[in-house]
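What follows is a set of notes on a single structure, which appears directly below.
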2 protein chains.
Amino acid sequence: MKPEDYPAPVCPPRGAHPCDACGLRNNPAFLPLAHEQLRLIEAFRTGEREVDAGGAIIHEHRRSTQLFTLYSGWAFRYKTLSDGRRQILGFLLPGDFIGLQDEFADGQTHGVEAVTGATLCTFSRDRLWEMFKAQPKLGYDITWLAAREEKLIDDNLVTAGRRNASERVAMLLMQLYRRAERAGMIKDGWVEFPFNQQHIADALGLSLVHTNKTLRRLQRLGLHKLDNGWLRILEPHALEALGDYFERPLRAVPLI
Amino acid sequence: MKPEDYPAPVCPPRGAHPCDACGLRNNPAFLPLAHEQLRLIEAFRTGEREVDAGGAIIHEHRRSTQLFTLYSGWAFRYKTLSDGRRQILGFLLPGDFIGLQDEFADGQTHGVEAVTGATLCTFSRDRLWEMFKAQPKLGYDITWLAAREEKLIDDNLVTAGRRNASERVAMLLMQLYRRAERAGMIKDGWVEFPFNQQHIADALGLSLVHTNKTLRRLQRLGLHKLDNGWLRILEPHALEALGDYFERPLRAVPLI
DNA sequence: CGGTCCATTGACCCTAATCAAGCCACGTGG
DNA sequence: CCACGTGGCTTGATTAGGGTCAATGGACCG
């Protein structure tokens, strides 16, 4: 609650069978896998990577040769227009699979940047098809993750297109809170909230100044509290109603 | 160019092997499939469906038991807020696969509505996994389609979040034109453009009135021409530059 | 001939962008 | 120790882009 600092990123385990000791897979937020499939993921896995806060995971205009699973830390996907305006497409939490869109991209795609220090498991892009072939179940899971991410963007698009500033902020706070909740990241009602107001503004399609004013207003109303990089939701129902955004309790999802 | 009316929707062929005579599959916009996979798609296929202009393909708050491939006509995915504000998430052209997000949805999802009369091939949602298992290649193709659709929404999110009105219109016109172009739907430089201004407004996150004014302005500048349900791009480079949206020549994609 | 749908335009207003300044918490180097 | 720069947050003043309201007109239809 009065955090020292963000906990140093947890590194994926090493060794012959790193996935056996995976710190994420214990998490009930993720579906268990058959032994055989776990072994295949291990074979598909090429290593791990550590990125500093603010560092690039995928460069916006460079085609990445890898796929990733975010193991620890927070990140976001974004696109920028040529004059520098940036739109954050979505935030990424541990367990999120990164880089799939590139696989089939005709042209330019998006960048991915770490917000906090982050660690990732890396996979070879070339061998994705191999994985589908060897274990269709994993292919199905990847499709699942892709479809789930698409749903998130859908929500974000509604936000950017049709909600006003307060509604946008309310929706985003609840969305992040619910996602963190599913991943078991709530501590005493507080979630790590490592984003600065520029991140929020870029995610919501608002200016920095207006984001600040809106955030303050909601906080003054007692709906939430944002303190030193941690977020507490004080009035979840009010925020849900304001944002017209009601996320159901989230199911467990696959983890690649 | 001076169209009588939109051509009556073309119906998918019937018979024992409807996919053999599929009118879409001849189209070079779509990747050929091995005989074996085509047979499996046929097995997975449950029939066809015809929807009138304005009719629902998927009801917004009802979980659909089917998946679809749009065979003919135009449609769109949308979400509405509880007070009626609507956001169109994306437009659908023949060949687009519909309903995948539902498959893995925790909660509420989106609606799909036909703009013109439309025909669809229907598939059983329950047997999706079966298809992945029997033909991983088809699973891979479905993932491909999902990833491609996600890229489209990404673009739309940038539009709604960061582009101004003229840029939004320019971007949308070029996006639709390029997609129709790939599908071979350009006739003498004209594309069918069956959307009314409310559709455009809802897709762009603008009001109807402002959409009208912006559309008129661009047309008065000679960038495009919108006439009786058909669109002609007069200054593609200007529109691309204005919208800061440059779509590369599009690759062939899978067709389920 | 009235009703409906859609496009169009003008008048007015408001939300959110822009501009500008000040604040605090830092880290760094003299 | 202090001066300075930097990054992030906060606030007020002003402006503008786009929303809202209202009215008109054409095309089509029963």
(message) What's the number of the only condition in (1) open to solvent by less than 50 Å² (accessible area, probe 1.4 Å); (2) out of contact with any Ser or Thr (no Cβ under 9 Å at 6 or more places or on another chain); (3) outside any loop (DSSP other than H, G, I, E, B); (4) free of Cβ contacts under 8 Å to residues at least 40 places away in the same chain that B:K79 fails to meet?
(response) (2)
(request) Quick one: in region A:225-256, of everything that is among the acidic types (D, E) and within 16 Å of DNA strand D (Cβ to nearest atom), which residue is farthest from the other protein chains (Cβ to nearest Cβ)? (result) A:D227
(request) Mind listing just one residue for me: the one in region A:187-224 that is within 14 Å of chain B (Cβ to nearest Cβ) and touching a Phe, Trp or Tyr at 6+ places or on another chain (Cβ under 8 Å) and, of those, nearest to DNA strand D (Cβ to nearest atom)? (result) A:H199
(request) Identify all residues within region A:85-139 that are farther than 17 Å from B:E149 by Cα and among the hydroxyl-bearing types (S, T, Y); write none if there are none. (result) A:T116, A:T119, A:T122, A:S124
(request) State whether one or more residues within region A:139-158 are free of Cβ contacts under 8 Å to residues at least 60 places away in the same chain, surrounded by fewer than 23 Cβ atoms within 10 Å (Cβ to Cβ), of a type outside the set (V, I, T) and not in a helix (DSSP H, G or I). (result) no
(request) Tell me, please, whether a residue that is away from DNA strand D (no atom under 16 Å from the Cβ), among the acidic types (D, E), within 10 Å of chain B (Cβ to nearest Cβ) and in contact (Cβ under 8 Å) with a residue 24 or more places away in the chain can be found in region A:162-185. (result) no
(message) All but one of (1) crowded, with 20+ Cβ neighbours inside 10 Å; (2) within 14 Å of chain A (Cβ to nearest Cβ); (3) not in a strand (DSSP E or B) hold for B:P94; state the number of the condition that does not hold.
(response) (2)
(message) Being in contact with a helix residue (DSSP H, G or I) (Cβ under 7 Å, 6 or more places away or on another chain), within 7 Å of chain A (Cβ to nearest Cβ) and within 16 Å of DNA strand C (Cβ to nearest atom) is the filter here; which residues of region B:128-161 pass it?
(response) B:L157, B:A160, B:G161
(message) Let me confirm something: among A:A134, A:A105, A:A114, A:A146, which residue is of a type in the set (A, V, I, L, M, F, W, C) and modelled with pLDDT under 95?
(response) A:A105
(message) Looking at the structure I just gave you, is B:L204 out of contact with any strand residue (DSSP E or B) (no Cβ under 6 Å at 6 or more places or on another chain), of a type in the set (A, V, I, L, M, F, W, C) and either exposed (fewer than 15 other Cβ atoms within 10 Å of the Cβ) or within 24 Å of A:A201 (Cβ to Cβ) (or both)?
(response) yes
(message) Which count do you get for residues in region A:97-108 that are in a loop (DSSP other than H, G, I, E, B), facing chain B (nearest Cβ under 7 Å) and touching a residue at least 12 places away in the same chain (Cβ under 8 Å)?
(response) 1
(message) For the condition among the basic types (K, R) and without any contact (Cβ under 8 Å) to a residue 40 or more places away in the chain, what is the one hit in A:R45, A:R14, A:R25?
(response) A:R14
(request) For residues that are open to solvent by less than 30 Å² (accessible area, probe 1.4 Å) and of a type in the set (K, R), tally how many sit in region A:169-197. (result) 1
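The values are calculated or read from the model by the stated rules, or taken from the named source; none is laboratory data. Just so it is clear, the structure is predicted and the values come from calculations on it, not from any experiment. Every residue, glycine as well, gets a Cβ built from its backbone with ideal geometry; the counts of neighbours run over all protein chains shown. The accessibility values were calculated without ligands, DNA or RNA, using every heavy atom of the protein model including side chains. Shrake-Rupley method; radii C 1.70, N 1.55, O 1.52, S 1.80 Å.
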